[in-house]
Amino acid sequence: RPLFTFSLMLDAQIGDISPAMYHFTNILIRIFSSCLFFLLLTKLSYKSNAALFASLIFVIHPALTQSVAWIPGRIDALLGVFILASFIFYINFLQSNRKRDYLLHILFFGCSLFVKETAVVMPAVCVLYVLLILKTKIISFQNGLLVAGWLAALGSWYMIRASVLERADEKLSGLSMALLHNLTALIQQAGKMLLPFNMSTMPTIEDTSYLFGIGTIIILIIAFYNSEAKQIPRIIFGLCWFMFFLLPTYVATSVFQHDTRLYVPMIGFSILVMETDVMRNINLSNKKTLQMCMLILIIMFITTFSFSRKYTDRFTFWEDAAINSPHSGLTQKVLGINYSLKGEFDKAEAQYVKAIQLDSYSETAYNNLGLIYMNRNELEKAENEFKKEIEINPQFDLAYYNLGLAYSRQGKIQEAWESWQKTLVVNPQNADALNSIALLYFQQEKYKEAADIWLSIIRLHPDYLNAYENLVTYYHKQNDLPKAVYYVEQLRSKGVPIPPQILKELNMN
């Protein structure tokens, strides 16, 4: 997804780590895509009043909050920009047969592929447009050019992607099972488009209500039944756009159905809704109609603004995720991590226990629980948790290291040594394990071995302060004052305060 990453790189160059620039760019993308959406609706021959109202809803729709408030949510908004631009130039090319429109259509289609891989369905949507809306023959020189352009863009994208990404481990059968498992989310996500009142920062199928989706389907059926001007081919086209851009996201095995994925499918859903008489006949010059439209927009604005506050900071984000997705072990675990960072260890413990109850294979949950027990000096309980972590997550080096600490504090020096050695088997550059082994050497008066390890740590991790401090102690003990002074100066340069006693012994100010 290089174009998405490149957009973040540009923000980093301008705004560094401040989130303001990232959010500002997200807002610009949202506004630009909404303008393109309005242009598309007019290209599809919808009245300007109806297109304007639909576009304003698109701007402030609660289900699209993530695309602005959540920085990673930009990806689908950026995808929307390129998909909309590509489809607009596609329509232009079919109408004018101009080379410029053709090239821009293919260019923006190619760009959309390098934003997010779900863009692969774009040619299928274009073919449906010809079949359902234009109702012209498929086999023609113009369509042949389009197919050649699509294949060129897809081929280039596939070869570049294959050259830089390892082949996925998941088998096709696994992807199919994930698709089948997630398929019911179509009903839930359709509900969020018309009745966006069950929003969550990390929504799951298990914890999202079907009620709003069923209500949406019933409302649409009634609306279409009572609409005289409806065009069935356009309804099918809008429904296919909605499903085609949504279904590829279901092959991911992740339990989360991020609402940011609704960005491009909402374009199709909007086309679907535009075929109701209610939308087709909107006249904003009528006072009562204008007031009703304003009321709807105000309600959506308030809902969106209220939901956006869930993205204020990481704790608020994960608290909402844990509350609204109570069957997700991940949301419970990450909320526990945030409680730990705030020093609220009792609450963190409860969250880790809950995460493990929901998912006994929740990686890092046992380790984090063990750290809480170790801080309370409940060393045997900590030891058991670290062993459980290693059992389910044998490549997690920190679990071995923490188990060594638990052994060490119980006086089990040999077991601690062995655990730290296993840490280095998993991760030879683990500075904490190297430092702990060096300290054991130092306690055994193997000073040279200890010093060699500390020097190697500094080469690997120049900012690992414990290594500098221990080298000061070592060289001071060896009466090698110049080297001791050198490492004191290194610590000073890194802003570390030096105890006055050490400075006095080294004749330093």
For L179 and Q357 in the same chain, what is the full-extension length gain: residue separation times 0.36 nm, less their Cα-Cα distance, in nm?
-> 61.5 nm
Work out the FRET efficiency for E505 and K342 from their Cβ-Cβ distance, taking R0 = 35 Å, and round it to the nearest 0.05.
-> 0.30
If one puts a single equal scatterer on every Cα of segment 65-185 and applies the Debye formula without solvent, what log₁₀ I(q)/I(0) results at q = 0.17, 0.19, 0.22 Å⁻¹?
-> -1.00, -1.12, -1.25
Among L28, W70, L84 the positive-end extreme of the charge dipole of segment 1-155 (Cβ point charges) | L84
Be a star and scan segment 365-384 for residues whose amide nitrogen sits under 19 Å from the point 7 Å along the Cα-to-Cβ vector of Q410.
-> 366-384
Estimated distance in nm for a label pair at W417 and S285, the labels positioned 7 Å out from Cα along Cα-to-Cβ | 9.2
Measure out, as a whole number of angstrom, how far apart the alpha-carbon centroids of segment 1-31 and segment 442-470 sit.
-> 41
Value at 222 nm in deg cm²/dmol, rounded to 500, when DSSP H runs of n ≥ 4 in the chain each add -39,500 (n - 2.57) | -22500 deg cm²/dmol
Karplus-derived HN-Hα couplings along segment 124-138 (A = 6.51, B = -1.76, C = 1.60, θ = phi - 60°), whole Hz, x at Gly and Pro | 5, 5, 5, 4, 4, 4, 5, 6, 8, 8, 7, 6, 10, 5, 6
The orientation-averaged projected area of the Cα convex hull of segment 329-447, in nm², is 7.3
Ignoring ligands, DNA and RNA, how do S408, S328, S493 rank by accessible area with a 1.4 Å probe, largest first?
-> S493, S408, S328
The chain: angle of helix 447-460 to the longest principal axis, Cα-based, in degrees nearest 10 = 20
Here D for segment 24-83, in µm²/s, from Stokes-Einstein with a Kirkwood Rh over Cα pairs at 37 °C and 0.692 mPa s, works out to 283
Taking the Cβ of D277 as the center, what net charge do the other residues with Cβ under 10 Å away carry, scoring Lys and Arg +1 and Asp and Glu -1?
-> 0
Which value results for Rg/Rh of segment 111-167 when Rg is the Cα radius of gyration and Rh the Kirkwood radius based on the inverse mean 1/r?
-> 1.07
Rounded, prolate or oblate: which one fits segment 182-253, using the alpha carbon gyration tensor with axes a ≥ b ≥ c (rounded when a/c is under 1.5, else prolate when a/b beats b/c, else oblate)?
-> oblate
With a sphere of radius 15 Å drawn around the Cβ of L56, what net charge do the other residues whose Cβ falls strictly inside it have (Lys, Arg +1; Asp, Glu -1)?
-> +2
Could you do me a favour and compute the accessible area per residue for segment 316-453, 1.4 Å probe, result in Å²?
-> 48
Label-to-label distance, nm, for residues given as I498 and D480 (7 Å Cα→Cβ offset) | 1.7
Alpha-carbon radius of gyration plus Dmax, which is the widest Cα pair, for the chain in Å | 29.6, 97
Residue-count net charge about A399 - beta-carbon cut-off 13 Å; Lys, Arg +1, Asp, Glu -1 | -4
Give me the lysines in straight-line cross-link reach of K446: C-alpha distance below 28 Å, same-chain residues under 8 apart excluded.
-> K412, K422, K477, K483, K504
Quick one: order D207, D313, D346 from most to least accessible surface, probe 1.4 Å.
-> D346, D313, D207
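The values are calculated or read from the model by the stated rules, or taken from the named source; none is laboratory data. This structure is a prediction, so every number in the text was calculated from the model and none was measured. Using ideal geometry, Cβ is built from the backbone for each residue, glycine included, and neighbour counts are taken over all protein chains shown. What goes into the accessible areas is simple: the full protein's heavy atoms, side chains included, and nothing from ligands, DNA or RNA. Shrake-Rupley method; radii C 1.70, N 1.55, O 1.52, S 1.80 Å.
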